[in-house]
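J.: Take this structure first; my questions come after.
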Protein chains: 4
Amino acid sequence: MKLWQEKNIKRNKIIDQFTVGKDREYDTILAKYDCEASIAHSKMLAKVNIISSNESQKINKVLNEIIIDIEEGKFIIEDDFEDMHSKIEFILIKKLGDLGKKIHTARSRNDQVLVSIQLFVKEELKLIKKEVSNLFNKLIKLSKKHKSSIIPGYTHMQLAMPSSFGLWFSAYAETLIDDIISINNALYIVDQNPLGSAAGYGTCFPIDRKSTTKSLNFSELKYNSLAAQMSRGKIEKQTLSALSSLASTLSKFCMDICLYMGQDFNFISFPENLTTGSSIMPHKKNPDIFELIRGKCNLIQGLPNQISLLTTNLPSGYHREMQLTKGPLIESIYELKSCLKIFSFSIEKIIINKKLLTIQNMIISLQLTH
Amino acid sequence: MKLWQEKNIKRNKIIDQFTVGKDREYDTILAKYDCEASIAHSKMLAKVNIISSNESQKINKVLNEIIIDIEEGKFIIEDDFEDMHSKIEFILIKKLGDLGKKIHTARSRNDQVLVSIQLFVKEELKLIKKEVSNLFNKLIKLSKKHKSSIIPGYTHMQLAMPSSFGLWFSAYAETLIDDIISINNALYIVDQNPLGSAAGYGTCFPIDRKSTTKSLNFSELKYNSLAAQMSRGKIEKQTLSALSSLASTLSKFCMDICLYMGQDFNFISFPENLTTGSSIMPHKKNPDIFELIRGKCNLIQGLPNQISLLTTNLPSGYHREMQLTKGPLIESIYELKSCLKIFSFSIEKIIINKKLLTIQNMIISLQLTH
Amino acid sequence: MKLWQEKNIKRNKIIDQFTVGKDREYDTILAKYDCEASIAHSKMLAKVNIISSNESQKINKVLNEIIIDIEEGKFIIEDDFEDMHSKIEFILIKKLGDLGKKIHTARSRNDQVLVSIQLFVKEELKLIKKEVSNLFNKLIKLSKKHKSSIIPGYTHMQLAMPSSFGLWFSAYAETLIDDIISINNALYIVDQNPLGSAAGYGTCFPIDRKSTTKSLNFSELKYNSLAAQMSRGKIEKQTLSALSSLASTLSKFCMDICLYMGQDFNFISFPENLTTGSSIMPHKKNPDIFELIRGKCNLIQGLPNQISLLTTNLPSGYHREMQLTKGPLIESIYELKSCLKIFSFSIEKIIINKKLLTIQNMIISLQLTH
Amino acid sequence: MKLWQEKNIKRNKIIDQFTVGKDREYDTILAKYDCEASIAHSKMLAKVNIISSNESQKINKVLNEIIIDIEEGKFIIEDDFEDMHSKIEFILIKKLGDLGKKIHTARSRNDQVLVSIQLFVKEELKLIKKEVSNLFNKLIKLSKKHKSSIIPGYTHMQLAMPSSFGLWFSAYAETLIDDIISINNALYIVDQNPLGSAAGYGTCFPIDRKSTTKSLNFSELKYNSLAAQMSRGKIEKQTLSALSSLASTLSKFCMDICLYMGQDFNFISFPENLTTGSSIMPHKKNPDIFELIRGKCNLIQGLPNQISLLTTNLPSGYHREMQLTKGPLIESIYELKSCLKIFSFSIEKIIINKKLLTIQNMIISLQLTH
């Protein structure tokens, strides 16, 4: 604890570091959406004559430059700034003087963070849907290709009925449709504009929330300012529930794959560059990729619960720890996207054990006529 | 362990009791839907000429009689039967002889249970939506009535801005809309007919699954038989996720209420028949009802995770423990319905502390001009 | 909602039912411990001269009679009583008149419930330890018996090394020791007397808490009355964490068993009275018992989280929903005990596939020299 | 997906990145313990004459140099190495030639990782115990100092009884003792040497596991090699359960603090450098630090469940996703240590509202005599 006994400045740094946490890292990802929301906000402020049209254009020119910097990886939130908002504000003031401050009229960091997160989630969920659709198509192709390759169907992990690889691949394809439904649900909930709700109790300025709703391409306006604030946590939880549904599909698929790659089942294999081996056991083809997708997806399934633990029993109104939803939300979106990509890439390379058609069939028929 | 050393018959009873668990209790609730599915199945079997039209009518007559028994509380699953299926089969055979067995053609208990659960969930989610809609209307009414009753708005649990009871009530009303969206998502996923998927690998009989889809009023058919089987767990989890969303709204509302009823806030109170007191502390008005709704709703929020724990890392195909999803699913639906009813009934009786309008306002203005 | 529009009496019944919940059922189990705590309390009251020695003896005579009724299954909490405390109080007053009320001096229902739960948990955890010890011994016996029966050892679910049934059985035996350590931890935490903490803020009566600590055979006194109250939730969570540890051992064991019973592994089997079959598939030996133990144990693993969800973000002091910890606590103890018993009974009947010794060995050696 | 269509080398990099994940980051923390275990292993190899005493000394000289590098922050795992093991092996071989490889005799990465994690957890839990002890002492001091400062005691969040800051501080102090008990439990479980269990099925080399147990200062040997492997997951879960217990204490403490700092309670405050304000609302003293500790501690409470989700239903033997336990384990230990430090530093600065002594007392007495 010597740390704390040092001079004031150092002490505050440690507290700052504690309160900021990983916000700078996450905000680098969210900053683009913060700028987009600010552009819409500034346009609206001009529309209702809180700032002039000329002022709005100047502000938005700078914001657009920041967006370009972000896209080119040049936007950095240094340790002097606690988050994206303070860094963007700093740039605006540096370039525009007092005008830079005007963008903060009639809004609060609370609705700014909310709208950034929602725009981010909207974009990411759409990307995930594309990846799912890509995987769906591959599975349908595989299903057609291996339509008549027989495998046993199991109940209670006991041989039960003859089944086929066609049925197996297309079962997972059809299951992905359910996951898309859940993603659409999250998209629906997230697609309500919170901008203008300020700190949760609105603003006295005569703002036009329908205007920002339209500019930001939200389908709906979250009317009640306190409801907008209360959607913090709920949005993250419903998004993570949808991701959890998709994750459970991938996890189960990987469990099947790991089992079927084992020497006892021996139904399938994968090329060597997709498995890891052991120098002293050349027969081993470890399915590390599928084990890791399984594990990562299982961890994602627990994240809605993490949001519940964070927000349960908090009364209405903003609380600082709500910033901690950013981590599970952003990290799981990135993790799940990478799982989807690696899985899609790998599943195409699956090798169906042809001997299965004869030997395994024989076993099944033997068993069934036993 | 003496228990086990006794004779065979006793031993099997204990094992039976262990494997059956609370199934008889839950099945008494699901039996109606099982009969409805059987009626649709029998009609279809007649349509595709697996049984005769006359046979189908006889079977369905008995099934309709059982439904009436169920509705009148006369349907009992005695200890001799392990579940609703065996009891219903017993009645059919007792009344129709060998014909009673024919209903089991081209299906399995696996798709029977699935379809019963889905029909049950569909009906219950619609009832819950009605209750939510009822609560929504009451909140809008309360919001209008108390539109100009001022309360402080909090951020960080610190006095932040003036707010109103109108904003507070309508915030929860608008939040309920998000919960309805999630319930609709669950309804969408649950509204796919699994009947005919048999044990997960279909049947060789030339059944007409579109016919049962139509009779049972499902919007969609779950085409792939293994996908139907894999939806076990997913359906329960998405249903419980939707309930969890609604539960989190009620829980937060109750937390606000419990805080505001305290002597330090003292914003609201409730009539004595809705609070509990203490003989030695007459000032105390304990909000037991709201504490219990809060707690019950918090427990419901953990149930999607329980389903994840149960099903994670299980390969595809039926596993016996899937029967254990019935408990969390059925009990949480009943629990949440009772929470909704009690909450709706109680919230109307809320008493707004009128002094707040003057004193609390004064405090706020003092604070703000501090 | 018509329900609620009826007359007052009916309405209150519904609210009563909601607030009482399953308390009567759980309290029938806890009542014995409540009486024991009351006996210790009454002796102490006599010791410090709050009541006379004669009064204490009269009260304790009735309490001992109630304990006998409880043990003989004759103690019933009728709908007129909301819990065990009110029923026991009723009996005491009926038999002793005003003297019956004196037992309530210097205590509250809060510390009464706490002490009952803690006494219950102490007794049950000791019973569970006995069952675990019993299972441990059986596993050691099986380990010795099958010491030289070879099975493959797996990593990544791939054949990795030769292993043996001896190693397998004794691995689970040794793992049970870790679970016992966790149970001992829970026992340690639970073994602190909360009686006398009253509602969480002590009492002005000059009570002698060390005396009840000794009578009730607690190792330690929970000194601070608010700390005693705050241990509600923590005690349940640590108990359930210990059970969760044991449950994870059983669950993994069952997963191994279910896999090894499958036709692809085919390492082990069980007698027919421990498996379920299918009339049309005589080869099938479904491991329902092990699947259900696996599932029940997986659900138990989620219960510490349920307690977290219930108690998280509640400020210090009693809250009514704390009564809702009784359900997960009591039910999981009973469930886990039955899992342990059934597992212990069944594992002895395991049949090791002798062919494995030759064929499987051959495969392994083939693989290793590949 | 264009990414994948590029040449082989690039493709493998993406897969490598996916499988390695954050392992390099976590391994930089664990590397010290890996070296320590290797030193003990090398000594033992010399003792049983698998390598010479001279060889052992040469190996250990290099390992000790690596430890110094680690402590000075000079040890870096470059992208060419997938983990600490491969980097350390590389250094050994670079400096010692073929001799460097000999350290890998009679062990596997599986027991290497296990032993490193266990040594890390042992050291960290001891550090956490010191921090807890430090906090305990501060709370006892505060308890004595504010022994006669009256605050209300609440039940059901209703004013119930007079209480004191002395009782409040010492209640949390006494509760920390329960958390220490749980940490001791985790320490007990983690204090069993897994080194020598190899991949889970032992080794044919005549190793002396008692020797490494002694060198590494483990209290006990994990005898069964498969049990050692199965402790993966269990160790992390019991460690996280102990941290979760401590986290729940801190979280509840912070909830009390946040409530009591609000204008309605107004019992306590903190110096300005420990709160954040609002330029337009100077009265606001936002308790960000306490909100963030509350939130971070609530998230930690969910981590035992994350481990359950990861490991549930995995059969015995190593699975690759077990590497994913490193993240929750290491991050939560660091997070909780920083919460403890910040909390300990801050709680000392608490300011008790002196007016409370008169006004609040008055209110309480009014209420009680009402």
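The values are calculated or read from the model by the stated rules, or taken from the named source; none is laboratory data. Only a predicted model underlies this, so the values are computations on that prediction, with no experimental measurement involved. Glycine gets a Cβ as well: all are built from the backbone with ideal geometry, and neighbour counts include every protein chain shown.
J.: Give me a count of the residues in segment D:314-347 that are within 16 Å of D:THR28 (Cα to Cα) and in contact (Cβ under 8 Å) with a residue 12 or more places away in the chain. Talk me through it step by step, then tell me what you get.
T.: Initially, segment D:314-347 is screened for residues within 16 Å of D:THR28 (Cα to Cα), giving D:323-331, D:333-334.
Subsequent filtering for residues that are in contact (Cβ under 8 Å) with a residue 12 or more places away in the chain retains D:323-330, D:333.
So the count comes out to 9.
J.: Also, I was wondering about something else. Quick check, is C:LYS141 more than 15 Å from the chain's Cα centre (by Cα) and away from chain D (no Cβ under 13 Å)?
T.: Numbers: more than 15 Å from the chain's Cα centre (by Cα): yes; away from chain D (no Cβ under 13 Å): yes.
Yes; evaluated as a whole, the condition is true for this residue.
J.: Is there a residue in segment A:151-160 that is part of a helix (DSSP H, G or I), buried (at least 18 other Cβ atoms within 10 Å of the Cβ) and of a type in the set (S, T, N, Q)? Explain how you work it out, then say what you get.
T.: From segment A:151-160, those part of a helix (DSSP H, G or I) are none; that's our starting set.
No; the residues of segment A:151-160 include none that is part of a helix (DSSP H, G or I), buried (at least 18 other Cβ atoms within 10 Å of the Cβ) and of a type in the set (S, T, N, Q).
J.: Consider B:ALA199 carefully, then state whether it is more than 24 Å from B:GLU321 (Cβ to Cβ), crowded, with 18+ Cβ neighbours inside 10 Å and more than 17 Å from the chain's Cα centre (by Cα). Show your work before the answer.
T.: Details: more than 24 Å from B:GLU321 (Cβ to Cβ): no; crowded, with 18+ Cβ neighbours inside 10 Å: yes; more than 17 Å from the chain's Cα centre (by Cα): yes.
No.
One line per residue, one yes/no per condition, for (1) in contact (Cβ under 8 Å) with a residue 24 or more places away in the chain; (2) under 22 Å from A:GLU236 (Cα atoms):
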site	(1), (2)
B:ALA171	no, yes
B:ILE177	yes, yes
B:CYS204	no, no
B:GLU220	yes, no
B:ARG232	yes, no
B:ILE235	yes, yes
B:GLN238	yes, yes
B:SER241	yes, yes
B:CYS254	yes, yes
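J.: Could you say which residue among B:SER344, B:SER332 is over 18 Å from C:PRO328 (Cβ atoms) and part of a helix (DSSP H, G or I)?
T.: Numbers: B:SER332 fails: over 18 Å from C:PRO328 (Cβ atoms).
Only one candidate qualifies: B:SER344.
J.: With the requirement that a residue be in contact with a strand residue (DSSP E or B) (Cβ under 6 Å, 6 or more places away or on another chain) and assigned to a loop (DSSP other than H, G, I, E, B), what does segment A:263-303 give you?
T.: Answer for segment A:263-303, where residues must be in contact with a strand residue (DSSP E or B) (Cβ under 6 Å, 6 or more places away or on another chain) and assigned to a loop (DSSP other than H, G, I, E, B): A:GLN263, A:PHE267, A:THR275.
J.: Need the failing condition index for A:LEU299 against (1) more than 7 Å from chain D (Cβ to nearest Cβ); (2) out of contact with any Gly (no Cβ under 8 Å at 6 or more places or on another chain), just the number.
T.: The number of the failed condition is (1).
J.: Now for a separate question. Is it the case, given these coordinates, that C:ALA247 is within 23 Å of D:ILE140 (Cα to Cα), more than 8 Å from chain D (Cβ to nearest Cβ), buried (at least 24 other Cβ atoms within 10 Å of the Cβ) and of a type outside the set (Lys, Arg)? Lay out the reasoning, then the answer.
T.: Working: within 23 Å of D:ILE140 (Cα to Cα): no; more than 8 Å from chain D (Cβ to nearest Cβ): yes; buried (at least 24 other Cβ atoms within 10 Å of the Cβ): yes; of a type outside the set (Lys, Arg): yes.
Considered against the rule, which asks whether it is within 23 Å of D:ILE140 (Cα to Cα), more than 8 Å from chain D (Cβ to nearest Cβ), buried (at least 24 other Cβ atoms within 10 Å of the Cβ) and of a type outside the set (Lys, Arg), C:ALA247 comes out as no.
J.: Something else now. Within segment D:75-130, track down each residue that is part of a loop (DSSP other than H, G, I, E, B) and either surrounded by fewer than 19 Cβ atoms within 10 Å (Cβ to Cβ) or not hydroxyl-bearing (Ser, Thr, Tyr) (or both).
T.: Going through segment D:75-130, the residues part of a loop (DSSP other than H, G, I, E, B) turn out to be D:75-83, D:105-108.
D:PHE75, D:ILE76, D:ILE77, D:GLU78, D:ASP79, D:ASP80, D:PHE81, D:GLU82, D:ASP83, D:THR105, D:ALA106, D:ARG107 - these are the residues of segment D:75-130 that are part of a loop (DSSP other than H, G, I, E, B) and either surrounded by fewer than 19 Cβ atoms within 10 Å (Cβ to Cβ) or not hydroxyl-bearing (Ser, Thr, Tyr) (or both).
J.: Please work out which residue is farthest from the other protein chains (Cβ to nearest Cβ), limiting yourself to segment D:305-343 and to residues that are surrounded by 20 or more Cβ atoms within 10 Å (Cβ to Cβ) and of a type in the set (Ser, Thr, Tyr).
T.: D:SER332
Residue-by-condition table, conditions (1) within 22 Å of C:SER344 (Cβ to Cβ); (2) more than 11 Å from chain D (Cβ to nearest Cβ); (3) basic (Lys, Arg):
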position: C:PHE218; (1), (2), (3): no, yes, no
position: C:LYS222; (1), (2), (3): no, no, yes
position: C:MET230; (1), (2), (3): no, no, no
position: C:LYS237; (1), (2), (3): no, no, yes
position: C:GLY262; (1), (2), (3): no, yes, no
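J.: Go through segment A:304-329 residue by residue and tally those that are in a helix (DSSP H, G or I) and touching a strand residue (DSSP E or B) at 6+ places or on another chain (Cβ under 8 Å). Walk me through how you get there before you give the answer.
T.: Step one: list which residues in segment A:304-329 are in a helix (DSSP H, G or I), which gives A:304-311, A:320-329.
Now narrow it down to the ones that are touching a strand residue (DSSP E or B) at 6+ places or on another chain (Cβ under 8 Å): A:320.
Number of matching residues: 1.
J.: Still on this structure: Which of the numbered conditions does C:ILE150 fail, given that it passes all the others? Conditions: (1) in contact with a Phe, Trp or Tyr (Cβ under 6 Å, 6 or more places away or on another chain); (2) of a type in the set (A, V, I, L, M, F, W, C); (3) more than 11 Å from chain D (Cβ to nearest Cβ).
T.: (1)
J.: Of all residues being at the interface with another protein chain (Cβ under 8 Å from one of its Cβ atoms) and buried (at least 21 other Cβ atoms within 10 Å of the Cβ) in segment C:162-172, which is farthest from C:ASN134 (Cα to Cα)? Just the residue, please.
T.: Of the residues in segment C:162-172, the ones at the interface with another protein chain (Cβ under 8 Å from one of its Cβ atoms) are C:162-163, C:167-168, C:170-172.
Now narrow it down to the ones that are buried (at least 21 other Cβ atoms within 10 Å of the Cβ): C:163, C:167-168, C:170-172.
Working: C:SER163: 25, C:LEU167: 19, C:TRP168: 18, C:SER170: 14, C:ALA171: 16, C:TYR172: 13 Å.
Of everything passing the filter in segment C:162-172, C:SER163 is farthest from C:ASN134 (Cα to Cα).
J.: Here's a follow-up. Of the numbered conditions (1) within 30 Å of D:TYR201 (Cβ to Cβ); (2) within 7 Å of chain D (Cβ to nearest Cβ), C:TYR188 satisfies every one except a single condition; which is it?
T.: Going through the list (1) within 30 Å of D:TYR201 (Cβ to Cβ); (2) within 7 Å of chain D (Cβ to nearest Cβ), C:TYR188 breaks only (1).
J.: Let me ask something else. Run B:ASP179 past the list (1) within 16 Å of the chain's Cα centre (by Cα); (2) more than 14 Å from chain A (Cβ to nearest Cβ); (3) buried (at least 22 other Cβ atoms within 10 Å of the Cβ) and report the number of the one that doesn't hold.
T.: If we test B:ASP179 against (1) within 16 Å of the chain's Cα centre (by Cα); (2) more than 14 Å from chain A (Cβ to nearest Cβ); (3) buried (at least 22 other Cβ atoms within 10 Å of the Cβ), just (2) comes out false.
J.: The conditions are (1) within 10 Å of chain D (Cβ to nearest Cβ); (2) over 14 Å from C:LEU159 (Cα atoms); (3) at pLDDT below 95, and A:THR275 fails exactly one of them. Which is it?
T.: (1)
J.: Of all residues in segment D:34-55 being of a type in the set (A, V, I, L, M, F, W, C) and in a helix (DSSP H, G or I), which is surrounded by the fewest Cβ atoms within 10 Å (Cβ to Cβ)? I'd like the intermediate steps shown before the answer.
T.: In the first step, residues of segment D:34-55 are kept if they are of a type in the set (A, V, I, L, M, F, W, C); the result is D:35, D:37, D:39-40, D:44-46, D:48, D:50-51.
Applying the additional criterion that residues be in a helix (DSSP H, G or I) yields D:35, D:37, D:39-40, D:44-46.
Numbers: D:CYS35: 24, D:ALA37: 26, D:ILE39: 23, D:ALA40: 23, D:MET44: 26, D:LEU45: 26, D:ALA46: 19.
In this case the residue turns out to be D:ALA46.
J.: Follow-up. Criterion first (within 30 Å of C:LYS354 (Cα to Cα), in contact with a helix residue (DSSP H, G or I) (Cβ under 9 Å, 6 or more places away or on another chain) and touching a residue at least 24 places away in the same chain (Cβ under 8 Å)) does C:PRO162 satisfy it? Give the steps one after another, and end with the answer.
T.: Working: within 30 Å of C:LYS354 (Cα to Cα): yes; in contact with a helix residue (DSSP H, G or I) (Cβ under 9 Å, 6 or more places away or on another chain): yes; touching a residue at least 24 places away in the same chain (Cβ under 8 Å): yes.
For C:PRO162, the condition - within 30 Å of C:LYS354 (Cα to Cα), in contact with a helix residue (DSSP H, G or I) (Cβ under 9 Å, 6 or more places away or on another chain) and touching a residue at least 24 places away in the same chain (Cβ under 8 Å) - is met.
J.: Next question. Across segment D:202-230, what is the number of residues that are within 24 Å of the chain's Cα centre (by Cα), surrounded by 23 or more Cβ atoms within 10 Å (Cβ to Cβ) and among the small types (Gly, Ala, Ser)?
T.: The qualifying residues number 2.
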